[in-house]
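Down below is the structure, laid out as structure tokens.
The values are calculated or read from the model by the stated rules, or taken from the named source; none is laboratory data. As the structure is a computational prediction, the values presented were derived from the model and not from experiment. Note that we place each Cβ from the backbone using ideal geometry, even for glycine, and neighbour counts take in every protein chain shown.
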Amino acid sequence: MTTFHDYLQQQREQHHLCPQLTATVQSIADACIRISEKVRLGALSGVLGEAGSGNIQGEDQKKLDVIANNLLIEALRRQSAVAGIASEEEDSFVATDENGRYLVLFDPLDGSSNIDVNISIGTIFSVLEKPSGSLNTESFLQKGSRQLAAGYVLYGPQTLLVITFKHGVDVFTLNQNGEFVLTQASPKVPGQTKEFAINMSNQRHWEAPVRQYVAELLAGETGVRGKNYNMRWVASMVAEVHRILMRGGVFLYPKDARDPSKPGKLRLMYEANPLSLVLQQAGGASCNAVEDMLSIEPAGLHQRVAVVLGSKEEVEYVRRLHG
């Protein structure tokens, strides 16, 4: 049995990782164990329902959004290796230790609209190296390809931790003793799939290439794709991505016409970049329908982006349709 603590030590030795980097990731995992306890108890601990506040995105916050955000910030403030924190729930970054080496970005509770109905939700995180000089917003605005580590914790029937240090991906399960234990090493995303995930209620707002793509999938084996596809939609990106990691598929949250000023709904820094790194490290692909996700130059902490990720064949097909 390999615990997460043992695994981090092995990673340091095998890949010459800095001990401060693995200590930072351990702090995130520890905070997520505490979040898992809150999620598991739900109404029994009074954590369900609205918090009565909003975040920088203009979205209503759930009580658990706020609790998860605070638990992560508190844990990372105690970690001297962390120079700054950026959260989807915060207006700006949080400075911690001026001598710290790393920056941590996270979505404390992805899929929080599902909290009160007991559907899988998760925490998504990303670790970057702090550039030299004083800490400012621009310090965080790095391409996804520069992430040192990324992953997520899925709070579902089991609590799972999925992590990459850019040497493949590994999966851990939280046991009854409150420890993450390695349960799957190096999962691979199948290159081909017959499964897709998209919110069909937005179809009328999509750009023409996406409408064409989904129409081709729905045409089934008599259409140009020559096979039947099943559709899935959980409305929790971290849950969608985990399904794809385990058995393949493609997830789309494309740009649409409702707000021309926004190129998409999902956040580049807190959702798209870390989850894209995980899937690419497992043999999948990710783009914004035009450009590889991890090569996008960020323009802001809360930048939104269109997302297409999953099995390579489908991601590349969507990209070709966009010319």
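For the range 210-220, the count of residues that are in contact (Cβ under 8 Å) with a residue 12 or more places away in the chain and not in a helix (DSSP H, G or I) is zero. Taking the range 130-141 as the range and being surrounded by fewer than 16 Cβ atoms within 10 Å (Cβ to Cβ) and not in a loop (DSSP other than H, G, I, E, B) as the test, the residues that pass are Thr137, Glu138.
Does Arg304 satisfy being modelled with pLDDT of 95 or more, under 24 Å from Leu141 (Cα atoms) and not polar (S, T, N, Q)? Let's see the steps before the verdict.
Numbers: modelled with pLDDT of 95 or more: yes; under 24 Å from Leu141 (Cα atoms): yes; not polar (S, T, N, Q): yes.
Yes.
Of all the listed residues (Gln176, Gln212), the sole one being over 30 Å from Ala86 (Cα atoms), assigned by TED's automatic domain parsing to the domain that holds Gly111 and not acidic (Asp, Glu) is Gln176.
Taking only the range 259-301 into account, find how many residues are of a type in the set (Ser, Thr, Tyr), surrounded by fewer than 19 Cβ atoms within 10 Å (Cβ to Cβ) and within 16 Å of Gln142 (Cα to Cα). Break it down into steps so the answer makes sense when it comes.
The initial filter retains those residues of the range 259-301 that are of a type in the set (Ser, Thr, Tyr), namely 261, 270, 276, 286, 295.
Now narrow it down to the ones that are surrounded by fewer than 19 Cβ atoms within 10 Å (Cβ to Cβ): 261, 295.
Keeping just the survivors that are within 16 Å of Gln142 (Cα to Cα) gives 295.
Adding up the residues that qualify gives 1.
When you check Thr193 against the structure, is it within 16 Å of Ile124 (Cα to Cα) and touching a residue at least 24 places away in the same chain (Cβ under 8 Å), yes or no? Taking the combined requirement at face value, the residue does not satisfy it.
Remark: pairs (first residue in the range 1-13, assigned by TED's automatic domain parsing to the domain that holds Phe180; second residue of a type in the set (Ser, Thr, Tyr); Cβ separation under 8 Å; 6+ apart in sequence or on different chains) = Leu8/Thr22; Gln9/Thr22; Gln10/Thr2; Gln11/Thr22; Arg12/Thr22. Selection of the range 162-179 for residues being acidic (Asp, Glu) and in a loop (DSSP other than H, G, I, E, B) yields only Glu179. Within the range 234-259, being under 11 Å from Glu195 (Cβ atoms) and either assigned to a loop (DSSP other than H, G, I, E, B) or over 16 Å from the mean Cα position of the chain (by Cα) (or both) holds for Arg247, Gly248, Gly249. Just one residue in the set Leu103, Leu182 is buried (at least 19 other Cβ atoms within 10 Å of the Cβ) and not in a loop (DSSP other than H, G, I, E, B); that residue is Leu103.
Take the residues of the range 1-32 that are surrounded by fewer than 18 Cβ atoms within 10 Å (Cβ to Cβ) and aliphatic (A, V, I, L, M): which is nearest to Asn175 (Cα to Cα)? Ranking the candidates gives Met1 first. Of the residues Lys188, Lys227, the single one that is over 22 Å from Ile124 (Cβ atoms) and surrounded by fewer than 16 Cβ atoms within 10 Å (Cβ to Cβ) is Lys227.
Under the condition of being assigned to a helix (DSSP H, G or I) and in contact (Cβ under 8 Å) with a residue 24 or more places away in the chain, the residues counted in the range 15-45 number 20. Would a scan of the range 187-195 turn up a residue that is of a type outside the set (S, T, N, Q) and farther than 18 Å from Leu309 by Cα? No - not one qualifying residue is present in the range 187-195.
Here Lys227 fulfils each of the conditions (1) free of Cβ contacts under 8 Å to residues at least 60 places away in the same chain; (2) at positive phi apart from (2).
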